[in-house]
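Down below is the structure, laid out as structure tokens.
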Amino acid sequence: MSYFSHLYCPRCSKTYEKEKPVNLCECGGPLLVQYDLEAAGDFKKENLQGRPYNMWRYRELLPVIHPENIISLGEGFTPIIPFKRLGEEMGLQNLFCKDEGLNPTGSFKARGASAGISRVLELGIKEIAMPTAGNAGGAWAAYGARAGIKTHIAMPEDAPEITKTECAVAGAEVFLVRGNIADAGKLIGEAAQRRGWFEVSTLKEPYRIEGKKTMGMEILEQFNWDPPDYIFYPTGGGVGIIGIWKAIREMEQIGWITGKKNPKMIAVQAEGCAPIVQAYEEGKNYAEPWENPQTLAAGIRVPKALGDFLVLQAVRESGGTALAVSDGEIKLAMEKTARSEGMFICPEGAANVAALEKLLQQNVIQPGERVLLLNTGAGMKYSGVFAYDFPVLDKSDSI
Ligand SMILES: *Cc1c(COP(=O)(O)O)cnc(C)c1O
Ligand SMILES: [Zn+2]
């Protein structure tokens, strides 16, 4: 059973009941799920024993009321891989990477889609619409197909090719937009209003974040309830980082961790699109929309996030920081990681590696501290990033 109590607005505190579909709060703020955390004290770590290793092992703290509505492709419980060689190169003794690229549809967006689509089904919604930088579309199209829900998706024309194919092959209606995700969001949002589609854009519905939250629960369980010192997260819409921090706070409130040694959350962005970093540096609570966002890390090319204030809150509350890296550094970090660890990480995940190098140079992080990088997706989805020259031989040539 789920301890889902109600929805609330973190901006104005207004509450909403869980039985009706709802997008934003009246005040324009995003809504979050509140659990009855006192009652959830009955949910013990021991209850996890024997459960399948996927994100639904934490179902008591997920928002689906009737388990038969759960739409799952086995998402979650991705491995945490020690990065021994890369750590040594950087002078770190305890470097780890959680590989979200192993999820269905090749990114952590599967978690948000699994939770989100399950609730769409539970609430009786038939058609949904969303903008995407690529991976979210691929995930929601797949989980939507599995639930029998029609999806309408708008994405930038230059989104990774495979993500367009993923949406189309799953039967989604796909629109390519000459612009960025915010432009796509405006177009599809207007269409949703006119056509009666339910909007599931980032943080415009409250359940995607609950799926992403499970990354935080898994990190705690996989580190045996002794969290790492730092968690690096490539931040676009910010749902991943907000979700991980929400998990940590909830685990603390039900007594699964002490909360005395919480990880510092590091929000990583690209130099060509760094609204959160800018707001962090200027001591602001909200970010300004970023003009002309550019980066090859498509998933973090988000000029303005609805949850910017929640990302900034998580970073500051945890004692973390926010920083940006260049596309050149991202590409180098992709090769470096593949060459030292054998893992083809996505550009967004590689931004973490580059950011870690910077913080080590600045002596912010000490050699003995435990650092966890989130690789949010599979590098294989971004075939366009590299163009290597290979020798091409005739059969009669010799090597
Ligand atoms: C969407 C995405 C991100 C950004 O995640 P948010 O939760 O929106 O901040 C990072 N990496 C990849 C691969 C993504 O698809
Ligand atoms: Zn509100």
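Shape class for the chain, computed from the alpha carbon gyration tensor (a ≥ b ≥ c): rounded, with a/c under 1.5. Neighbours of ASN375 by Cβ distance under 11 Å: Lys/Arg scored +1, Asp/Glu scored -1, total -3.
Order 130-140, 4-14 from most to least packed using the mean count of other Cβ atoms within 10 Å. Walk me through the numbers before you get to the answer.
Values: 130-140: 30.2, 4-14: 15.9.
Output ranking for 130-140, 4-14: 130-140, 4-14.
Taking each of LYS14/LYS45; LYS20/LYS212; LYS45/LYS246; LYS84/LYS164; LYS14/LYS186 in turn, the alpha-carbon distance tops 24 angstrom for LYS14/LYS45; LYS84/LYS164; LYS14/LYS186. Taking a Cβ cut-off of under 15 Å around PRO275, the surrounding Lys, Arg, Asp and Glu residues balance to a net charge of -3, with basic ones at +1 and acidic ones at -1. Within the same chain, aspartates and glutamates fewer than 8 places from LYS331 are excluded, and of the rest, those with a Cα less than 13 Å from its Cα are GLU348.
So what's the back-of-envelope 222 nm ellipticity for the chain, counting only DSSP H runs of four-plus at -39500 (n - 2.57) apiece and dividing by all residues, rounded to 500?
Values: 11 runs with 136 residues, N = 399.
Calculated at 222 nm, the ellipticity per residue is -10500 deg cm²/dmol.
Bear in mind that the values in this text are calculations on the coordinates, not laboratory data. The structure presented is a predicted model; accordingly, all values stated were derived computationally and were not measured. FYI the Cβ positions are ideal-geometry reconstructions off the backbone, even for glycines, and counts take in every protein chain you see.
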